[in-house]
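Note sheet for the following structure.
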Amino acid sequence: MSLLSFIKRLPIVWLWLVLVFLASGLIINLFQLLLLPLWFIKKDLFRWANLNVVYLHWCQLTFLAEWWSGLDIKLYGTKEDFDKLGKESAIIVCNHRSDVDWLIGYTLADRAGVLATCKCYMKGYLKYLPIIGFSWWCTEFVFLRRNWQKDRKVLESSLSTLGDFPFPFWLAIFAEGTRLTKAKVEASIEYARANGLPELKHHLLPRSKGFALTAQYFKDKVPAVYDFEVGFPENKEPNLTQMLIGEGNDVHLWVRRFPLQDIPCNTVEETSNWCRKAFQEKDKGMSYFFEHGRFPAERYEYPRKLRNLITCVAWNVVLSLPLLWYIISVIISGSITSFIIAGTIALIGYIMIKVLLHFSDSKKGSSFGLKPSSNNGVKKQS
């Protein structure tokens, strides 16, 4: 083991990374709070200012993946498709195989220059996460309750607001609704057999209503849908714990572009059928991947950028000065109270690490998808 690998494994180093992320996040949240009045005065100016400050926080996540852990993302697709990445707004349809699929998407978005304008359909309670939840809310993420009657109104309102977004953005949809597990695949296959639908071996049947409504609304506003298919060597799925200690596995990402004007959008059922067929093609692609160790497309080089590395180095330099001052002042004071306060801060940081790791652990994920119902948008759309 090299010295650098040893250092990355030290708990105090994990704690430092998390503390810098939290401290910088609080600073960014303060800027976002101060910027909020601009939304009511000049909305596009708020959006421009917000995307510039939020990048300073989110890029620490892509730094973790690309530079700290050395995650090797092998990309597949055509030059024509990659040339358009980041230059146009798009709906992103993703599979959901691991704890960090979202981070892989973030990493590609950073390379394409649209990290700060990424949006996603997320579970409603995530907006209450400290720091990052408020950041997502300011960046116009869409928070859903997994109740179609309520979610439809939220979607319509959110899509209406995004209709005049002035910069290229990505709106990510995990149509499977939850992370893949063996139990959920079995439930999905059981549902498919009971309803006369094609069985998927490597995906869950997509809950396609949200995608259908989104595609219909953006038909004349967004140029394309991009399909992201993420694959990993068997039993080598990356996770946040490995990344924090500097271990990055190989990740394979197949990117395909579909002009939105070519997708049928006359009815919800018509668009949902397209989504289900797209997942059948994704399933075939994943079968090919497990057989050949690669996706059925050409490899494409899309290099990482230096800006996230530079930003993270700057944050660490800036925040290390007040931290060192605080540590020295505690030691010199000799005060028991000061030691207790410092120990409490360290403990809170350690607990935050545990919370983040627990949150990203698929073994502790939701049971959503284990009991698919007829109201999930798989067979009937209402």
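The values are calculated or read from the model by the stated rules, or taken from the named source; none is laboratory data. In this text, all values refer to a predicted model and were calculated from it rather than measured experimentally. With ideal geometry, Cβ positions are generated from the backbone for all residues, glycine too; neighbour counts draw on all protein chains shown. We work out accessible area using only protein heavy atoms, side chains counted, and drop any ligands, DNA or RNA first. Shrake-Rupley method; radii C 1.70, N 1.55, O 1.52, S 1.80 Å.
Numbers at a glance
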| read-out | value |
| --- | --- |
| Cα-derived Rg to Rh of region 36-94, Kirkwood definition | 1.10 |
| CD proxy at 222 nm, helix term only [per DSSP H run n ≥ 4: -39500 (n - 2.57); per residue of the chain; nearest 500] | -17000 deg cm²/dmol |
| Alpha-carbon Rg/Rh ratio, for region 206-270, with Rh computed the Kirkwood way | 1.17 |
| Dipole in debye (nearest 20) - region 1-131, about Cα centre, beta carbon charges: Lys, Arg +1; Asp, Glu -1 | 280 |
| Debye log10 I(q)/I(0) for the chain, one point scatterer per Cα, at q = 0.06, 0.07, 0.08, 0.10 Å⁻¹ | -0.25, -0.33, -0.44, -0.68 |
| Lys74/Asn273 FRET efficiency (R0 41 Å; Cβ-Cβ; nearest 0.05) | 0.85 |
| Region 1-70: proportion of alpha-carbon pairs further apart than 19 angstrom, % | 48 |
| Among Gly163, Gly25, Gly343: highest mean-square fluctuation, GNM of the chain, C-alpha pairs under 10 Å | Gly343 |
| Degrees between helix 148-162 axis and first principal axis of the chain (Cα, 0 to 90, nearest 10) | 70 |
| Net dipole in debye of the chain [+1 Lys, Arg Cβ; -1 Asp, Glu Cβ; about Cα centre; nearest 20] | 780 |
| Gain on full stretching of the segment that runs from Phe232 to Thr337 - 0.36 nm per residue minus C-alpha separation | 32.9 nm |
| Percent accessible area from carbon and sulfur atoms, region 143-251, protein chains only, probe 1.4 Å | 47 |
| Long pairs among Lys119/Lys221; Lys119/Lys153; Lys43/Lys119; Lys127/Lys221; Lys123/Lys236; Lys84/Lys219, criterion Cα-Cα beyond 23 Å | Lys127/Lys221; Lys123/Lys236 |
| Scaled radius of gyration (Cα, divided by 2.2 N^0.38 Å) that region 68-217 gives | 1.11 |
| Among Leu61, Leu253, Ser158 the positive-end extreme of the charge dipole of the chain (Cβ point charges) | Ser158 |
| The chain: angle of helix 101-112 to the longest principal axis, Cα-based, in degrees nearest 10 | 80 |
| Value of Rg/Rh across region 159-205 [Cα atoms, Kirkwood radius] | 1.23 |
| Solvent-accessible heavy-atom area per residue, rounded to whole Å², over region 32-171 at 1.4 Å | 40 |
| Kirkwood Rh in Å, taken over region 127-187 so that all alpha-carbon pairs contribute | 13.8 |
| Along each principal axis, Cα extent of region 1-160, largest first, Å | 54, 41, 32 |
| Helix 43-63 axis, angle to the chain major axis (alpha carbon atoms, nearest 10°) | 70 |
| Heavy-atom accessible area ranking, 1.4 Å probe, most first, across Thr267, Thr311 | Thr267, Thr311 |
| Signed unit charges on C-beta, dipole axis of the chain, positive-most listed residue Leu33, Trp315, Gly285 | Leu33 |
| Ordering of 238-245, 317-324 by burial proxy (mean other Cβ atoms within 10 Å per residue, highest first) | 238-245, 317-324 |
| Whichever aspartates and glutamates have a C-alpha closer than 12 Å to that of Lys305, once near sequence neighbours (fewer than 8 apart) are set aside | Glu66, Asp110 |
| Rg(Cα)/(2.2 N^0.38 Å) for region 183-340, N = residue count | 1.60 |
| Ranked order, Asp220, Asp44 - accessible area, probe 1.4 Å, largest first | Asp220, Asp44 |
